[in-house]
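Below is one structure, written out as structure tokens, with a few remarks after it.
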Amino acid sequence: MPGGVSSPVRAFGGVGGDPFIVARGEGARIWDVDDNEYLDFVLSWGPLILGHAAPAVLDALDETMRRGTSFGITTELEVELAELITQRLPHVEMIRFVSSGTEATMSALRLARAATGRDAFLKFDGCYHGHADSFLVRAGSGVATLGLPNSPGVPDAVASLTRVAPFNDVEAVRTIAREQPLAAIIVEPLVGNSGFIPPDPAFLPALRDIATETGALLIFDEVMTGFRIALGGARERFGVTADLTTLGKVIGGGLPLAAYGGRRDLMEMIAPQGSVYQAGTLSGNPLAMAAGLATLRALTPSLHARIEARTARLVAGLVASAAHHRVPFTAAHAGSMFGFFFQREPVRDFASAKGSDLAAFKRFFHSALEHGVYIAPSPYEAAFMSAAHGDVEVDLALEKLDAAMRVARA
Ligand SMILES: *Cc1c(COP(=O)(O)O)cnc(C)c1O
């Protein structure tokens with residue numbers, strides 16, 4: 001396995017040292033093969049909003065798998081999950097299930113190109129939309145951690161159709177959208193892939209206006225933010241409605257599942273209803289559907305509010321700890337997602353994210369790990385909370401991370 005891993009950021013390339021090998025997880029905790037225990041704030045990079053080995057998910061999987069693991073035929077579980085998601089996200093009028101976020105964004109872009117008859121599209125510097133060729137241009141965390149601006153193997157002819165603007169820069173978007181007809185403007189409505197970067201209040205409404213004015217489709221890539229920043233997604237949190245939305249991570253509850261959906265007139269263009277081709281042998285897999293259903297059914301407004309409150313308390317504690325140790329630090333949170341940078345100024349875009357103190361982050365990361373707290377091994381990743389991170393775990397994490405903060409200062 002190249003680098004010893006199945007996905008690059010797992011290899012600790014950004015922080016040095018060797019990653020541990022995980023053996024098992026339960027609730028907020030994971031254990032490595034040497035039986036060291038860690039409080040986990042990575043949670044499989046976002047999906048596990050109920051925590052590891054959540055009983056509701058395990059029960060649903062157990063019951064489902066005994067009836068067979070895959071059919072390649074529609075199941076009732078698919079219909080139930082489609083209904084549940086489209087009820088919670090009413091702007092997702094129709095939905096197509098796929099197996100990874102990469103497939104979801106790739107397919108949404110194909111649909112946008114088909115619907116508009118345009119090839120070029122706009123993304124934002126530092127936003128990650130999976131590893132399809134078109135999106136591997138200034139793609140945030142994974143490539144940034146390894147110091148790769150773009151990926152070799154992506155033909156220039158393909159990359160030249162990808163226009164890039166800084167996040168939160170409305171004028172840059174306006175200029176590009178007027179210069180060239182765009183099929184889509186795709187954005188993480190709240191960035192989680194170059195660290196955690198919230199949008200300015202005017203940013204998403206401006207994207208909506210520019211898209212509408214210039215005939216581009218607005219795609220919210222909510223693979224990470226979906227069911228994390230609000231139960232109703234970015235539309236609920238920011239009051240802006242996208243034409244197409246991509247989902248993943250939480251909707252699969254830890255199994256390979258993602259989706260794209262949105263306006264009915266657009267989704268009706270997807271085969272077999274329309275002529276835009278997209279398919280998948282394991283799409284709608286019953287185990288993934290069962291895990292997703294169990295997860296989303298458990299995620300009630302009151303549970304979401306509880307996780308959000310604990311996330312706020314954790315972030316406030318981190319900020320206080322940094323102030324106490326005189327470490328330059330800025331942190332933010334939304335729903336059950338949070339992030340921080342080792343710098344004084346709030347971060348607005350990827351360029352300012354890169355101004356943070358990488359050495360301080362590395363010291364913090366390794367000390368946290370030694371104290372039994374696992375955060376993502378990169379300064380350009382968001383962090384996640386789960387229903388299993390109770391007040392006890394928040395207190396414990398704050399105590400351990402305070403010790404790490406002291407080391408970060410050195
Ligand atoms: C994780 C992520 C993806 C890619 O999803 P995979 O399932 O890893 O292919 C796409 N977009 C965003 C915003 C993500 O966070």
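The values are calculated or read from the model by the stated rules, or taken from the named source; none is laboratory data. These figures come from a predicted structure and were not determined experimentally. Glycine gets a Cβ as well: all are built from the backbone with ideal geometry, and neighbour counts include every protein chain shown. Keep in mind that these areas ignore ligands, DNA and RNA; they rest on the heavy atoms of the full protein, side chains included. Shrake-Rupley method; radii C 1.70, N 1.55, O 1.52, S 1.80 Å.
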The answer for the net charge of residues other than GLY3 whose Cβ lies under 14 angstrom from its Cβ, with Lys and Arg +1 and Asp and Glu -1, is 0
In a Gaussian network model over the chain where Cα atoms closer than 10 Å are linked, find which of GLY192, GLY215, GLY339 has the largest mean-square fluctuation.
-> GLY215
Calc'd 3J(HN,Hα), region 292-299, phi into Karplus 6.51 cos²θ - 1.76 cosθ + 1.60 (θ = phi - 60°), Hz, glycine/Pro = x, comes to x, 4, 4, 5, 5, 5, 6, 7
For SER100, SER302, SER321, SER275, write out the residues from largest to smallest accessible area, computed with a 1.4 angstrom probe and no ligands counted.
-> SER275, SER302, SER100, SER321
Taking Lys and Arg as +1 and Asp and Glu as -1, residues besides GLU222 with C-beta under 14 Å from its C-beta add up to +1
Quick one: what are the phi-derived ³J(HN,Hα) couplings along region 120-125, Karplus 6.51/-1.76/1.60 with θ = phi - 60°, whole Hz, x for glycine and proline?
-> 6, 8, 10, 10, 10, 4
Residue of PRO286, PRO205, PRO379 that the Gaussian network model of the chain assigns the largest fluctuation, springs spanning Cα pairs under 10 Å = PRO205
Longest segment of the chain lacking trypsin sites (Lys or Arg not before Pro) that sit in a DSSP loop with at most 16 other Cβ atoms within 10 Å = 68-325
Note on region 187-237: contact order normalised by length, alpha-carbon pairs under 8 Å, 6 or more apart, percent, works out to 36 percent
Enter the mean projected area of the convex hull around the alpha-carbon atoms of the chain, in nm², rounded to one decimal.
-> 18.8 nm²
Sorted by chain and number, the residues with a modelled amide H under 5 Å from that of ASP357, at a separation of 5 or more or across chains, are PHE342, GLN343
Qualifying aspartates and glutamates (Cα of each under 16 Å from Cα of LYS400; at least 8 residues distant if same chain) | GLU37, ASP40, GLU370, ASP391
Looking only at LEU358, LEU182, LEU190, which one moves most when the chain is put into a Gaussian network model with springs between Cα atoms under 10 Å?
-> LEU358
Prolate/oblate/rounded label for region 171-270 (Cα gyration tensor, a/c 1.5) | oblate
Mind listing the long-range amide H neighbours of ALA184? Cut-off is under 5 Å, sequence gap 5 or more, other chains count too, H placed in the peptide plane at 1.01 Å from N.
-> LEU122, LEU217
HN-Hα J couplings of region 181-195 from phi, Karplus 6.51/-1.76/1.60, θ = phi - 60°, integer Hz, Gly and Pro as x?
-> x, 9, 6, 7, 10, 10, 8, 7, x, 9, 6, x, 10, 9, x
Expressed as a percent, the accessible surface of region 55-298 that is carbon or sulfur, using a 1.4 Å probe and the full set of protein chains, is 54 percent
May I ask for the distance between the Cα centers of region 192-211 and region 341-410, given as a whole number of Å?
-> 24 Å
By the scheme Lys and Arg +1, Asp and Glu -1, what is the net charge of all other residues having a beta-carbon under 15 Å from that of LEU77?
-> -4
With a 1.4 Å probe and every protein chain left in place, work out the accessible area per residue of region 26-162 in Å², rounded to a whole number.
-> 45 Å²
Any idea what the relative contact order of the chain is, in percent, if you count C-alpha pairs under 8 Å spaced at least 6 apart?
-> 23 percent
Using unit Cβ charges (K, R positive; D, E negative) and no other charged atoms, how large, in debye to the nearest 20, is the dipole of the chain about its Cα centre?
-> 560 debye
Heavy-atom accessible area of HIS52 with all protein chains present, probe 1.4 Å, nearest 10 Å²?
-> 30 Å²
List the relative contact order of region 55-298 as a percent without decimals, with contacts defined as Cα pairs under 8 Å and 6+ residues apart.
-> 30 percent
